Each structure stands twice: as C-alpha cells, then as structure tokens.
Amino acid sequence: MDAASPATQLSCTQCGGELHPDEGQSFLTCPYCKATVYLDKSRVVFHWQLNPTLDELQAQAALRRWMAGNQTVKDLDRKSRLASSAFEYFPVWYFKRRRQDGKEEILLELAAAISVSELRHVRLPAGDLQRYQSALDSQAHPPSVPLQAVLGWMKERGVETSEIAEQALVHLPVFTFKYEYQQKTYTAIVEAATGGVFANIYPAKAEAPYLAAGGVTAAVFLCLASIPLVGAAAGSGGLGIGLLICSGLGLAAAPLLMALAAWVAAKV
C-alpha cells in the first residue's frame, strides 16, 4: 500500500486537526482529539475495531451448531475433523449509505483478500464499534484493497459516491477454521463478535433425494386426482365412486409418503 507523503496536508476526520504521519505510517491517532484514523493513499478515514465476545472454544461451538444445521450434510458436526484454527482482526470497509428514498443502510466490502468472501455479509452492530487500539497491530491483518477501488466497484453496482454519508475501516475479530470431511479440507470463518459463521464452499445437503421424494409425492396425488375424472367419464354414479376410491387411496398413501420424506431427511 502506498504510504501518505509527509508533504501532503492531512486532516483528522473528527476534529479537523492537521496530521503529520511518519513515512510508511498507515494507522494513526490524532494528537488533538485522540481519534484513531487510517491513511489510505493520502485519504483519512476513521479506524474502528469490533471487540470479540467469543473465545476459541465458544467459536468452535458456534461452528459445530452451524455444521448441525439444515445447510450442511447430515451429521457434519460429528463426521468432520477440525484440522486447525487461527485468530486475527480482519479489515473491512464500512459504508453508511443514504439512499434516495431517505433510508439508511450499512454496506461492507472486504479490505483484503480472503478465501471466504461471504464475510462481507456479516451483520455489523455499529453501536459496538470501538476506537482501534494499536495494541492489536500484531493480530491485525493489514488492508490491501484501496478505498478508491472499492468505491469504484460500488458505483458499478449503482451506489453513487454522493450517497455515502460515512466511511471507515473496521477490523473484525475472526476465527478461521480448517476442517476435514471425506478426505477434503474446507474453510469456515466464525466472526467472534456476533457468532456468525461464513463459508463459501462446504459439504451441502444433496438436493436430488428431496426433489425425487417431492416428484414421487406429486405423481401419486396426480394419479389419485385423475380417478374421479375417469369415474365421471364412465357414466352415472362413476364420479361418486371415483371420489371414494381417491379418498381411500389417499389416506393409505399419505403415511407412506410421509415415511419416505422422513427417511430422506434422516439419511441425507
């Protein structure tokens, strides 16, 4: 990342005081109001951190709950093996957007490369943002995506720069877990402030068995629905007989179809 030039006049985003960063310095505390700021290509933005509420064991528990949920294959929490874990503060660009309809929304973009891009969908509790502390530098992942580049991407998606009411750099506490399942390694991230779990690729439930069960159910009831029509076409009294047959077969088929659905849910 290009450092701010010492000859460039930079002002604190909070008090307007003139800043004098050392060569190569990116993280800075304003000497006047003590606000923490980040220097991005001679541009000054607020610099925040989100404090973790989960330790590593609690983060692992959040990961296991996600593995036991409806998105992943059955019993992934028991059949997978945790291979490694690492903790860091990961940077994201934070934007508060005022839309043309007057509503506000928070937008996040990743400020560095990461294998789990789903992290940009974390729900960031703005009220919990704290001033960044330099003591975290050893655990903080440095930003590598310039703010101007991100603003350009957002403009391509229809977000005008004039709609951005606030922008900042935020370091999020994250645990990165590697786990193994059926001789493949997967990555999942647990955001340690909210407990959210994010993954791009994971062992997902197979859709084919559910689609097959649904298809069988639809076919059975379509056939049953045709019986009264056949009876009506057969002549007088055929409709009533057809309805009785349809009702009887429907009552008999319903438990079997429910058992089929339960079996698929238990196995997949």
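The values are calculated or read from the model by the stated rules, or taken from the named source; none is laboratory data. Predicted model, so just to flag it, every value in this text is computed and none were measured. Counting neighbours? That spans all protein chains shown, and the Cβs are built from the backbone with ideal geometry, glycine included.
Would you say W66 is touching a residue at least 24 places away in the same chain (Cβ under 8 Å) and under 21 Å from V37 (Cβ atoms)? No: the conditions fail for W66. Whenever a residue of region 153-174 is outside the structural domain of D128 (by TED's automatic domain parsing), it has no partner that is assigned to a helix (DSSP H, G or I) lying with C-beta atoms less than 8 angstrom away and at least six residues away or across chains. Residue-level check: of (1) hydroxyl-bearing (S, T, Y); (2) buried (at least 19 other Cβ atoms within 10 Å of the Cβ); (3) closer than 26 Å to Q139 by Cα, S80 misses just (3). Does region 54-70 include one or more residues that are surrounded by 15 or more Cβ atoms within 10 Å (Cβ to Cβ), in the same structural domain as A135 (by TED's automatic domain parsing) and either among the β-branched types (V, I, T) or touching a Lys or Arg at 6+ places or on another chain (Cβ under 7 Å) (or both)? No, that holds for no residue.
Only a single item in (1) farther than 25 Å from Q182 by Cβ; (2) in the same structural domain as T185 (by TED's automatic domain parsing) is not met by G16, and it is number (2).
Here is the figure for region 56-96: residues that are among the β-branched types (V, I, T), more than 23 Å from P173 (Cβ to Cβ) and not in a loop (DSSP other than H, G, I, E, B) total 1. Scanning region 35-65 for residues that are among the basic types (K, R) and within 23 Å of L124 (Cβ to Cβ) yields a count of 2. Scanning region 15-68 for residues that are over 31 Å from the mean Cα position of the chain (by Cα) and either at pLDDT 95 or above or not β-branched (V, I, T) (or both) yields a count of 17.
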